[in-house]
Amino acid sequence: MAEIVRYGIIGVGMMGREHLINLFHLREEGAAVVSVADPHVPSQQAALDLARSFNWPVQVFSGHKELLDSGLCDVVIVSTPNMTHYEILMDIISHPKPHHVLVEKPLCTTVAHCKKVVDAARKRPDILVQVGLEYRYMPPVAKLIEIVKAGKVGPVRMVAIREHRFPFLVKVNNWNRFNANTGGTLVEKCCHFFDLMRLFAGANPVCVMASGAMDVNHKDEIYNGKVPDIIDNAYVIVEFDNGCRGMLDLCMFAEGSKNEQEISVVGDVGKGEAFVPESIVRFGTRTAGRQGVQTIQAADQRIKYDGLHHGSSYLEHLNFLSSIKTKGAQAPAVDLGDGLISVAIGVAAQLSIERRRFVTMEEVICHEE
């Protein structure tokens with residue numbers, strides 16, 4: 001039998017329960033959820049019912065501090081609303097008992113808060129922290145990363161990511177309808193894509209230019225007298241310090257799309273593309289031309305549960321569990337530095353829309369408070 005690693009989940013709304021299901025499918029590797037915390041009673045009950053269906057006895061707490069003080073957990077998953085991440089992470093990091101952490105994206109809603117979390121975590125070498133930027137693990141994306149890192153497209157010059165999808169889902173108390181709670185659409189949703197751009201470019205961002213607006217979604221909604229202010233479409237250009245540039249094309253009223261995500265990486269030698277959810281990768285070289293383009297069906301046989309993100313959350317947990325078991329000899333694949341930069345690009349993009357100009361990463365990372 002594998003050594004049991006005891007998990008607690010802080011925030012058991014839709015994503016928290018998704019984590020619970022993923023961990024159930026990792027039970028043979030030693031994962032066991034022993035506690036959950038959430039102030040929202042219906043979410044508590046839904047998580048409890050789910051755990052019971054798995055024959056997992058779990059202790060339920062109304063707050064994260066009670067869960068931490070219980071001493072029940074080795075690892076905590078933070079899947080609460082974005083604006084609560086900072087306080088919860090600081091409480092976890094400062095707690096006398098060390099808890100390893102998987103925090104959902106975005107790391108925090110502001111760069112200043114991300115930096116404080118990074119600084120605090122440096123003082124706790126007994127804690128591993130992974131950020132939930134799980135799109136890296138989607139089989140077609142992972143295959144494209146493999147192709148690019150093997151040098152098959154040559155030095156990367158351009159990365160283009162298109163996400164054409166449905167509007168934001170309904171969440172508890174509609175917290176995700178407002179920039180103050182989410183960090184803005186380009187932080188909340190698109191930190192995934194900025195993380196991928198940086199990974200493909202193999203470089204750090206220098207400046208960002210964006211254009212976006214709230215044109216279609218949520219305009220007829222009112223919560224506590226306020227109309228939502230989250231944008232539903234944008235174009236974002238990111239320039240990197242090695243000369244590579246990335247472009248995001250986001251539309252959240254495009255349900256009539258065959259693929260939700262289309263990722264293109266072009267280098268001096270060739271081009272690779274990934275399509276989700278078709279799970280197809282295409283790769284071709286300039287010399288072979290159109291007739292030489294290969295189509296690959298991407299899959300990962302390790303995945304035992306596809307879930308909401310095409311198996312990527314399962315692989316994310318598998319990776320993090322391995323890091324925990326090796327006691328940090330294998331570092332978390334997506335660390336706090338990755339989380340900070342992905343948020344910073346999103347913040348710069350939101351600022352660029354507001355100020356209608358390029359925004360440098362220096363002004364966002366060094367001067368944002």
Original post:
From the list ALA329, ALA274, ALA288, ALA299, which residue is at pLDDT below 95 and either assigned by TED's automatic domain parsing to the domain that holds VAL76 or on the phi < 0 side of the Ramachandran plot (or both)?
Top reply: ALA329
Original post:
Taking the range 292-344 on its own, how many of its residues are part of a helix (DSSP H, G or I) and either out of contact with any strand residue (DSSP E or B) (no Cβ under 6 Å at 6 or more places or on another chain) or not aromatic (Phe, Trp, Tyr) (or both)?
Top reply: 26
Original post:
Do we find that ASP195 is modelled with pLDDT under 95 and on the phi < 0 side of the Ramachandran plot in this structure?
Top reply: no
Subject >> Residues of the range 227-241 classified as of a type in the set (Asp, Glu) and closer than 25 Å to GLU362 by Cα, total >> reply: 2
Subject >> Residue ranges of strands (runs of 3 or more DSSP E) in the range 1-62 with at least 2 members in the same structural domain as THR80 (by TED's automatic domain parsing) and surrounded by 18 or more Cβ atoms within 10 Å (Cβ to Cβ) >> reply: 5-10, 31-37
Subject >> Odd one out for GLU239, checked against (1) in contact with a helix residue (DSSP H, G or I) (Cβ under 6 Å, 6 or more places away or on another chain); (2) buried (at least 18 other Cβ atoms within 10 Å of the Cβ) >> reply: (1)
Original post:
Which residue, of PHE166, PHE194, is buried (at least 21 other Cβ atoms within 10 Å of the Cβ) and either assigned to a loop (DSSP other than H, G, I, E, B) or of a type in the set (Phe, Trp, Tyr) (or both)?
Top reply: PHE194
Subject >> Test: residue in the range 207-222 that is within 26 Å of LYS152 (Cβ to Cβ) and crowded, with 22+ Cβ neighbours inside 10 Å >> reply: no
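So how many residues does the range 289-329 have that are touching a residue at least 12 places away in the same chain (Cβ under 8 Å) and over 26 Å from MET15 (Cβ atoms)?
4
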Original post:
Any residue at all in the range 346-354 that is surrounded by 15 or more Cβ atoms within 10 Å (Cβ to Cβ), in the same structural domain as PRO140 (by TED's automatic domain parsing), modelled with pLDDT of 95 or more and polar (S, T, N, Q)?
Top reply: yes
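Would you say LYS258 is farther than 30 Å from VAL364 by Cα and surrounded by fewer than 16 Cβ atoms within 10 Å (Cβ to Cβ)?
Yes; evaluated as a whole, the condition is true for this residue.
The values are calculated or read from the model by the stated rules, or taken from the named source; none is laboratory data. Remember, it's a predicted structure, so these values are computed and weren't measured experimentally. Every residue, glycine as well, gets a Cβ built from its backbone with ideal geometry; the counts of neighbours run over all protein chains shown.
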